[in-house]
1. Could you list, in sequence order, the residues of the range 2-23 that are assigned to a loop (DSSP other than H, G, I, E, B), in contact with a Phe, Trp or Tyr (Cβ under 7 Å, 6 or more places away or on another chain) and closer than 17 Å to His268 by Cα?
2. Would you check if Ile272 is in contact (Cβ under 8 Å) with a residue 60 or more places away in the chain and outside the structural domain of Lys355 (by TED's automatic domain parsing)?
3. Does the range 305-317 include one or more residues that are of a type in the set (A, V, I, L, M) and more than 18 Å from Thr346 (Cα to Cα)?
4. Is it the case, given these coordinates, that Phe354 is assigned to a helix (DSSP H, G or I), farther than 24 Å from Ser281 by Cβ and at pLDDT 95 or above?
5. Criterion first (closer than 21 Å to Gly236 by Cα and surrounded by 20 or more Cβ atoms within 10 Å (Cβ to Cβ)) does Pro178 satisfy it?
6. Could you tell me whether Glu391 is within 24 Å of Asp287 (Cα to Cα), surrounded by fewer than 21 Cβ atoms within 10 Å (Cβ to Cβ) and under 22 Å from the mean Cα position of the chain (by Cα)?
7. Which fully enclosed strands (runs of 3 or more DSSP E) of the range 224-317 have 1 or more residues being β-branched (Val, Ile, Thr) and over 14 Å from the mean Cα position of the chain (by Cα)?
8. Is it true that Lys159 is surrounded by fewer than 20 Cβ atoms within 10 Å (Cβ to Cβ), part of a helix (DSSP H, G or I), in the same structural domain as Leu57 (by TED's automatic domain parsing) and touching a residue at least 24 places away in the same chain (Cβ under 8 Å)?
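The values are calculated or read from the model by the stated rules, or taken from the named source; none is laboratory data. A quick note: this is a predicted structure, and the numbers were derived from the prediction, not measured. As a convention, Cβ positions derive from the backbone with ideal geometry for all residues, glycine included, and neighbour counts pool all protein chains shown.
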Amino acid sequence: MFFKIVSKDENSKARTGLLTTKHGKVKTPVFMVVGTKATVKAVGPDDLKKMNAQIVLANTYHLHLRPGEKLIKNHKGLSEFMGWDGPSITDSGGFQVFSLGFGLEHNIGKIGNIFPDEAGSKKPVEKKKNLAEIDNNGVTFKSPLDGKKHRLNPEKSIKIQEDLGADIILAFDECTSPMHDHDYNKKAMERTHTWAERCIKAHTTEQKLFGIVQGGKFKDLRKKSSKFISSLDFDGFCIGGSLGNSKKDMHDILEWSIPELDYNKPRHLLGIGAVEDIFESVERGIDMFDCVSPTRLARSGYVFISPEEKGTKKNKFRIAIKNAVNRNSKEPIDRTCGCYTCKNFTKAYLRHLFKSKELLYYRLASIHNLWFMMKLMEKIRNSIDENRFLELKKKWIQ
């Protein structure tokens with residue numbers, strides 16, 4: 001059995017489960033570490049094992065451009081190529097339909113301003129040229145590396161992912177923008193549904209294939225898409241595309257979509273990884289998460305802190321290590337944390353490394369942020385097993 005539900009929280013829709021893959025088992029709810037180009041930035045596979053990371057997500061589009069899926073296939077797939085012997089998952093390249101297309105044109109990014117109503121600064125930002133041309137058969141991209149054009153369609157995306165050899169692969173879809181209206185989301189959803197059927201037909205390996213629900217912030221589209229994707233022979237489901245203009249929109253989308261999906265298959269919320277969002281989504285029944293935020297925030301000088309260190313929803317459970325208050329601090333980032341960084345180094349030292357632009361900073365901060373996320377998910381799983389998930393949520397999300 002690929003996915004088995006292990007326990008259910010009596011007071012919410014939260015649940016724990018177990019994914020069984022060729023490269024090992026994955027306990028859910030799980031936060032998947034993002035290794036876009038077959039590497040988790042600044043950390044190695046040995047670091048991931050020490051923090052009990054369970055599964056790594058790599059990017060089909062970027063690996064297709066460089067070094068190429070054929071080279072990785074010649075290394076017997078991602079696991080041997082990157083020295084990671086645990087489970088892995090690849091996205092389909094569908095997110096690049098958005099990030100290189102309407103994401104540029106509408107100035108919407110997956111980190112920072114994914115929810116336009118909550119983006120913070122309202123300053124107008126110069127929009128960039130759309131680098132993706134979408135038609136009913138697929139998408140033509142202009143490579144940001146050399147300007148050459150590349151073509152992705154359902155069949156090619158599946159073939160690339162089969163060559164990459166991940167345990168779980170995703171169907172090719174069109175990820176829409178929060179700025180798109182109902183009519184455009186309907187067209188993109190219908191295109192995604194057609195592509196989903198083509199992906200199933202093209203799929204020839206034992207890799208588990210997940211379908212993707214689209215429909216933007218529109219209830220009728222989300223419910224229709226969920227029913228359709230659930231009716232197909234997928235091993236699991238992703239909820240993707242635009243999640244609306246606000247966190248409230250995202251919660252609504254989950255509540256519309258999840259009941260229409262086969263209860264006994266895993267559910268993956270694409271690209272979401274903030275602490276607040278994980279609690280809210282697990283409560284509604286999400287099993288899997290992925291996001292680049294832990295390592296990206298680390299490289300930008302932000303490190304995670306727990307409620308015991310005054311981490312809150314308001315400060316997004318993080319501090320800026322460069323702040324002057326850390327200049328002479330002999331304390332670790334988080335006194336409740338058992339990671340290598342917190343056991344061995346002070347905030348003063350980390351601030352020094354960051355201000356000096358020393359490479360060691362990026363490794364130490366990334367280890368801490370990823371460890372933080374792995375331990376948070378462990379606490380969430382334990383709380384579900386013991387029917388105290390809402391109690392844990394209340395402690396974290398005041």
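1. Residue satisfying the conditions is Ala14 alone.
2. no
3. There is no residue in the range 305-317 that is of a type in the set (A, V, I, L, M) and more than 18 Å from Thr346 (Cα to Cα).
4. Taking the combined requirement at face value, the residue satisfies it.
5. No: the conditions fail for Pro178.
6. no
7. In the range 224-317, 302-304 are the strands (runs of 3 or more DSSP E) which contain 1 or more residues that are β-branched (Val, Ile, Thr) and over 14 Å from the mean Cα position of the chain (by Cα).
8. When the stated conditions are applied, Lys159 passes them.
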